[in-house]
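To start, the structure under review is shown below, and the notes come after it.
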Amino acid sequence: MPGRGLTAFYWLLVFIPLLVFTGCERRPDPSELKSSLGKVAEQYWTYRFIKGNFRSAYDLELEEGRPPFKQYVDKVTPAGQIRYLNVKTKEVTIDQDKGVVLLTVEHEIPIPGVKVKKAKPLQGTIRDVWIYTSDGWRHKGKSKN
């Protein structure tokens, strides 16, 4: 019966690597990562600036270091009269599990009681840091650089 033990050994050689590799997540290729990061960054800032949907923005935050929801809302609620109109991804760079996104934000600053002709919206830039996790891209915060 030496052949039977050898057959079982060969089956183990085939199935153990299959079990190991099927248990691992497939990491998207770099172009997919860039595309998905640009989209999720636009979505995050649209929730936060334009729609005021702080719960959805909060859910995209990196859990590590994230404050409780109430503190988050207090921190991100706009204090001024800026009206945000549009958010667009300008550039995405990825290094390992860290992504940096440059976004262009169109906004207006209405002055209460002053009527002016419709002016061209102002533009600002946000440099944002994201981390790729098993749950997808998560917002880490604005970059200082």
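How many residues does segment 110-132 contain that are surrounded by 10 or more Cβ atoms within 10 Å (Cβ to Cβ), farther than 30 Å from LYS34 by Cα and β-branched (Val, Ile, Thr)?
Selection size over segment 110-132: 0.
Scanning for something of a type outside the set (Asp, Glu), exposed (fewer than 14 other Cβ atoms within 10 Å of the Cβ) and part of a strand (DSSP E or B), does segment 60-77 turn up at least one residue?
Checking segment 60-77: not a single residue is of a type outside the set (Asp, Glu), exposed (fewer than 14 other Cβ atoms within 10 Å of the Cβ) and part of a strand (DSSP E or B).
Check segment 40-51 and report whether any residue there is out of contact with any His (no Cβ under 8 Å at 6 or more places or on another chain), over 16 Å from VAL129 (Cα atoms) and of a type in the set (Asp, Glu).
Among the residues of segment 40-51, not one is out of contact with any His (no Cβ under 8 Å at 6 or more places or on another chain), over 16 Å from VAL129 (Cα atoms) and of a type in the set (Asp, Glu), which makes the answer no.
May I ask you to list the residues in segment 78-96 that are under 22 Å from GLU32 (Cα atoms) and surrounded by 10 or more Cβ atoms within 10 Å (Cβ to Cβ)?
Within segment 78-96, VAL87, LYS88, THR89, LYS90, GLU91, VAL92, THR93, ILE94 meet the criteria.
Each row is one residue, and each column tells you yes or no for (1) in contact with a Gly (Cβ under 8 Å, 6 or more places away or on another chain); (2) part of a helix (DSSP H, G or I); (3) at pLDDT 95 or above; (4) surrounded by 10 or more Cβ atoms within 10 Å (Cβ to Cβ).
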site	(1), (2), (3), (4)
ARG4	no, yes, no, no
PHE15	no, yes, no, yes
PRO28	no, no, no, yes
LYS39	no, yes, yes, yes
TYR58	no, yes, yes, yes
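If I go through segment 82-141 residue by residue, how many of them are hydroxyl-bearing (Ser, Thr, Tyr) and part of a loop (DSSP other than H, G, I, E, B)?
So the count comes out to 1.
The values are calculated or read from the model by the stated rules, or taken from the named source; none is laboratory data. All of these numbers come straight from a predicted model, not from anything done at the bench. In this analysis, Cβ positions are derived from the backbone assuming ideal geometry, glycine residues included, and neighbour counts consider all displayed protein chains.
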